[in-house]
Amino acid sequence: MITNSTSDTSIADNSGLPLLFTPFSLKSVKAKNRIVVAPMCQYHSEDGGPTNWQMMHLGRLATGGAGIVFGEETAVERRGRKTYACAGIYKKEHASAYRHLTDFIRLQGAIPAIQLGHSGRKASCHTAVADWRPLRDDDAKDGMSPWQGLAPSAINQPPRRFLPKEMDHDDIRTVLNAFREATLRSVDAGYEIVEVHGAHGYLIHQFLSPVSNHRNDGYGGDIKGRMRFALEVAETVYDAWPKDKPIFYRISAVDGEGGKWGLEDSITLSRELKVRGMDLIDVSSGGIFGDTEMPPVPRVPGYQVAFAERIKHSADVLTIAVGGITEAEQAENILKEGKADLVALARELLWNADWPAHAADALGVKDPFEVLPEEYAHRLRQREAQKSMAINQGGKETKSAWNKLLDRTEL
Ligand SMILES: Cc1cc2nc3c(=O)[nH]c(=O)nc-3n(C[C@H](O)[C@H](O)[C@H](O)COP(=O)(O)O)c2cc1C
């Protein structure tokens, strides 16, 4: 077992702060709080590299006060993107391009984190706003020729222009090497946490689920065979990543509706990932569909928290809870009740990028502005002071003076 004695992930609170705002230390990385910006694909990249959009998007999330800021799923190979606009880190030049983002995120007091992935058979489509419609031959006129994806088995699901190539052992070695190179570039780019994307029906998950993996070599068959590729990716990333920095691994705790990969499988996988030096399991779900009795995960508030809790306790690993977390109290209770070690938000942060500051306020943190950049915090503190002065001291006089000036009776 690989362990690291410098980590302090304990959630014991000795500062009087809500748990959500206690620091999270793992290896040499110390996040100022336990709020994570979940990875969110943006479809604004150019040949994989980030554009001004990512600087704006991650910039506003970093200034919003989260402790850890994940960039979107970033492909380890050009053909491992879903779309022509997906992020990638498959060229040398990408490292310096992402460095602009990581420097800025760090300047805001947040930890820059990258999610590495490979789309596998889900490659070659349009972006999310076009519902990932498959690319067709006539998209070539817009410079978007369809390409062939990779998969453990040649099953055209979701339907694409080309049947995915069933990976032979050379293909597997090539992709593992791409994970290795991408991990090394992520170090050069200044990331402090790397996460492997093993969820949502992408390549790693395709190997895990019996729905998508019909192989009869050492990478298929029983759970041991189906886990082999996922574990080899873990070992590859572990070897290439600095030993004093954390590695997270995102999994789908269960397949999507009709799937076959279940929670007990995820517990087995999480134990194996831990043995291979993965520091934390980021617990999501879905992405592979089939025709079994497996129900869909109902999209209720906190819809994946119970999975994070089970995996945390049964596999004895750190976990992130994500999915339908929108309220400060809800996030705080997940930590208080020991269900996860970190909470991640995605869509709520698109609605309110400053959610961490609002959550600090809602949970009674003495100076909720502290998580914001000082330029904002300073002015907001002043406004608070003015507000309380107006209310507590000169309230009536100030109000009536203004009413007089405006010739109104109400202000
Ligand atoms: C715009 C958007 C893009 C996403 N892209 C990714 C991604 O790149 N990688 C990933 O693992 N999950 C991705 N997700 C899923 C989120 O990370 C998150 O798990 C999910 O949205 C549930 O959290 P929420 O209820 O707080 O939105 C994306 C979600 C959204 C809304």
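The values are calculated or read from the model by the stated rules, or taken from the named source; none is laboratory data. Treat the numbers as computed from the prediction; the structure is a model and nothing was measured. All Cβ positions, even for glycine, are placed from backbone atoms using ideal geometry, and neighbour counts span all protein chains on display. Surface areas here come from the heavy atoms of the whole protein model, side chains and all, with no ligands, DNA or RNA. Shrake-Rupley method; radii C 1.70, N 1.55, O 1.52, S 1.80 Å.
Below 8 Å between Cα atoms, with a sequence gap of 6+, how large is the relative contact order for the range 44-156 in percent?
Here the relative contact order equals 28 percent.
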Straight-distance crosslink candidates among lysines, where the alpha carbon sits under 26 Å from Lys122 and sequence neighbours closer than 8 are dropped
Lys82, Lys91, Lys92, Lys141, Lys165, Lys224, Lys260
What value, in deg cm²/dmol to 500, does the helix sum -39500 (n - 2.57) over DSSP H runs of n ≥ 4 give at 222 nm once divided by the residues of the chain?
-11500 deg cm²/dmol
Cα-based reach from Lys30 at 26 Å (exclusive), listing lysines while leaving out same-chain residues under 8 positions away
Lys243, Lys245, Lys274, Lys312, Lys336, Lys339, Lys366
Based on Cα coordinates alone, diagonalise the gyration tensor for the chain, multiply each eigenvalue by 5, take square roots, and list the semi-axes in whole Å, largest first.
41, 24, 20
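Going by accessible area, probe 1.4 Å, with all protein chains left in place, what is the ranking of Thr74, Thr51, largest first?
Largest accessible area first, the list is Thr51, Thr74.
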Relative contact order of the range 19-366: what whole-number percent is it, with Cα pairs under 8 angstrom and at least 6 residues apart?
15 percent
Can you give the accessible area of Arg185, probe radius 1.4 Å, in Å² rounded to 10?
40 Å²
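Just add up the charged neighbours of Ser212: K/R +1, D/E -1, any other residue whose Cβ is under 12 Å from the Cβ of Ser212.
Details: positive: Arg121, Lys122, Arg215, Arg226, Lys260; negative: Glu166, Asp255.
Value of the local net charge: +3.
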Which value, in Å² and to the nearest 10, is the accessible area of Ile155 when all protein chains are kept and the probe is 1.4 Å?
40 Å²
